[in-house]
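Following: one structure in structure tokens, then a few remarks.
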Amino acid sequence: MKKVTDFIKKIFNTNEFIPLHEPRFIGNEKAYLNDCIDSTFVSSVGAYVDRFEKEFARYVGSKYAIATMNGTSALHISLILANVKRDDEVITQPLTFIATCNAISYTGAKPIFVDVDLDTMGLSPKSLEEFLKTNCEIIDNSCRNKTTKKIIKACVPMHTFGHPCRIDEIAQICDSWKIVLVEDSAESLGSYHKSRHTGTFGKLGIFSFNGNKVITSGGGGVIVTDDEILAKQAKHLTTTAKILHKWEYTHDSIGYNYRMPNLNAALLVAQMENLDLFLENKRELAKLYAEFFEKSTITFVQEPSESISNFWLQAVVLKDLEERNAFLDYTNSNGIMTRPAWTLMNKLEMFKNCQCSDLSNALWLEARVVNIPSSVRI
Ligand SMILES: *Cc1c(COP(=O)(O)O)cnc(C)c1O
């Protein structure tokens, strides 16, 4: 294992502590922040928010983008727009960050956990179809869960560590089962499946710009959609549902104060300018890791076939739980930050009574996957 830590120190060219993922500010960040402060438009209205939304929509190839204060709020609003209500159910994967399940819970709906594929680590279309065929029926153009008698309104797959899941197949299954597809692409900016950017397969998709993501606005998120009405509603709901007027303050529903401040957007516009450089750099890192681990008993996680991954968090698979723990212990005791995959959502107190499919793959990965340092090396 000393070979591993020596190699990581060598490629990051340091003997100091190596974090899992640090942001890089090497472009116009300070210039745009200064400009933003000078303009006095530091809050939720401003030119940088508008500019970011236009540039982001163009980058991922969606018609509309609506900036929000973080990825969780983007997901919350997307689920509301997917018409998810209290007493509904939403299918997601157990191997995800808590934000996915928190956002589902804010609507009052309950998650259902369906297994992931071993290679993509994202929702398995095969498990999804099997779950639906066994447990559900279509009644009045809705997908009804025969066990709970509730309606499954939406499905939220997630592109784990930036590796795209089989999202085109998932989109087809959701379509035929009358389930709205909301893509949690929080981790997959710069990742494509069959040449199409992740986040653009469903009715709505979201991204996060938290400090540890590929690019950051400090905190931030975005909703993308091709649907003009949904885009307008997203903007409306994230800005307190205020009716546009020169001076009147009138609101037509319970809204949210979820808009991204202009200060954060200024930082983000500068980060976007270096996104392609960051992605190229992360791909080079993945290549170095792949070559190194090929000569060891540890498996490096490669991008799935027919996909381009952003390699947000580089990952390795250890032999078993014991070896995983030994690896975590050794690396973290030797100045290199590594982290296991998340504890599966169905094991958490809040979700332990939720319905699950067979979760063999998620359990297998949970016991073996470790993330290793993944920052852009500049
Ligand atoms: C980062 C992340 C989010 C959103 O997180 P925020 O911190 O609210 O921006 C949502 N889902 C997943 C899977 C994530 O990794």
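The values are calculated or read from the model by the stated rules, or taken from the named source; none is laboratory data. Bear in mind the structure is a predicted one, so any value in this text is a computation, not a measurement. Quick reminder, even Gly has a Cβ in these numbers, built from the backbone with ideal geometry, and neighbours come from all protein chains shown. Ligands, DNA and RNA are stripped out before the accessible areas are found, and what is left, the full protein with its side chains, is counted by its heavy atoms. Shrake-Rupley method; radii C 1.70, N 1.55, O 1.52, S 1.80 Å.
Starting from residues that are farther than 26 Å from LEU123 by Cβ and acidic (Asp, Glu), keep the ones in region 256-308 and report whichever is most open to solvent (accessible area, probe 1.4 Å).
GLU294
Give HIS251, HIS245, HIS236 a once-over and let me know the one that is exposed (fewer than 12 other Cβ atoms within 10 Å of the Cβ) and not aliphatic (A, V, I, L, M). Spell out how you get there, then give the answer.
Numbers: HIS251 fails: exposed (fewer than 12 other Cβ atoms within 10 Å of the Cβ); HIS236 fails: exposed (fewer than 12 other Cβ atoms within 10 Å of the Cβ).
None of the other options fit; the residue is HIS245.
Using the structure shown, decide if PHE201 is in contact with a strand residue (DSSP E or B) (Cβ under 7 Å, 6 or more places away or on another chain), within 14 Å of the ligand (Cβ to nearest atom) and not basic (Lys, Arg). Working first, answer last.
Values: in contact with a strand residue (DSSP E or B) (Cβ under 7 Å, 6 or more places away or on another chain): yes; within 14 Å of the ligand (Cβ to nearest atom): no; not basic (Lys, Arg): yes.
When the stated conditions are applied, PHE201 does not pass them.
Does ARG339 satisfy being open to solvent by less than 40 Å² (accessible area, probe 1.4 Å) and of a type in the set (D, E, K, R)? Can you show your working first?
Numbers: open to solvent by less than 40 Å² (accessible area, probe 1.4 Å): no; of a type in the set (D, E, K, R): yes.
Against the criterion (open to solvent by less than 40 Å² (accessible area, probe 1.4 Å) and of a type in the set (D, E, K, R)), ARG339 does not qualify.
What number of residues in region 241-282 are of a type in the set (Asp, Glu) and within 15 Å of ASP35 (Cβ to Cβ)?
Just the residues of region 241-282 that are of a type in the set (Asp, Glu), to begin with: 248, 252, 273, 276, 280.
Still in the running and within 15 Å of ASP35 (Cβ to Cβ): 273.
Adding up the residues that qualify gives 1.
With respect to SER105, is the statement that it is within 16 Å of the ligand (Cβ to nearest atom) and open to solvent by 30 Å² or more (accessible area, probe 1.4 Å) true?
Details: within 16 Å of the ligand (Cβ to nearest atom): yes; open to solvent by 30 Å² or more (accessible area, probe 1.4 Å): yes.
It is true that SER105 is within 16 Å of the ligand (Cβ to nearest atom) and open to solvent by 30 Å² or more (accessible area, probe 1.4 Å).
Do we have any residue at all in region 314-321 that's closer than 19 Å to PRO19 by Cα and in contact with a Leu (Cβ under 7 Å, 6 or more places away or on another chain)?
Scanning region 314-321, I find at least one residue that is closer than 19 Å to PRO19 by Cα and in contact with a Leu (Cβ under 7 Å, 6 or more places away or on another chain), so the answer is yes.
Out of (1) open to solvent by 10 Å² or more (accessible area, probe 1.4 Å); (2) within 24 Å of PHE278 (Cα to Cα); (3) among the hydroxyl-bearing types (Ser, Thr, Tyr), the odd one out for THR147 is which?
Failed condition: (2).
Considering only residues of region 68-83 that are farther than 22 Å from GLY46 by Cβ and among the aliphatic types (A, V, I, L, M), which is most open to solvent (accessible area, probe 1.4 Å)? First the steps, then the outcome.
Of region 68-83, the ones farther than 22 Å from GLY46 by Cβ are 72, 75-76, 78-83.
Now drop any that are not among the aliphatic types (A, V, I, L, M), which leaves 75, 79-82.
Working: LEU75: 3, LEU79: 0, ILE80: 51, LEU81: 30, ALA82: 7 Å².
Filtering first and then ranking leaves ILE80.
Just to be sure before I move on: is SER191 more than 11 Å from the ligand (Cβ to nearest atom), open to solvent by 10 Å² or more (accessible area, probe 1.4 Å) and either in the same structural domain as ALA57 (by TED's automatic domain parsing) or on the phi < 0 side of the Ramachandran plot (or both) in the structure I sent?
Against the criterion (more than 11 Å from the ligand (Cβ to nearest atom), open to solvent by 10 Å² or more (accessible area, probe 1.4 Å) and either in the same structural domain as ALA57 (by TED's automatic domain parsing) or on the phi < 0 side of the Ramachandran plot (or both)), SER191 does not qualify.
Hey, which of the helices (runs of 4 or more DSSP H) in region 252-344, taking only ones fully inside, have at least 3 residues that are aromatic (Phe, Trp, Tyr)? Before you say what the answer is, go through the steps one by one.
On the way: elements: 262-273, 275-294, 321-333.
Helices (runs of 4 or more DSSP H) meeting the threshold: 275-294.
Would it be correct to say that ILE152 is farther than 27 Å from PHE209 by Cα and in a strand (DSSP E or B)? Step through it out loud before you land on a result.
On the way: farther than 27 Å from PHE209 by Cα: yes; in a strand (DSSP E or B): yes.
Criteria met by ILE152.
Can you find a residue that is within 24 Å of THR14 (Cβ to Cβ) and among the aliphatic types (A, V, I, L, M) anywhere in region 351-363?
Within region 351-363, the subset within 24 Å of THR14 (Cβ to Cβ) is none.
No, region 351-363 contains no residue that is within 24 Å of THR14 (Cβ to Cβ) and among the aliphatic types (A, V, I, L, M).
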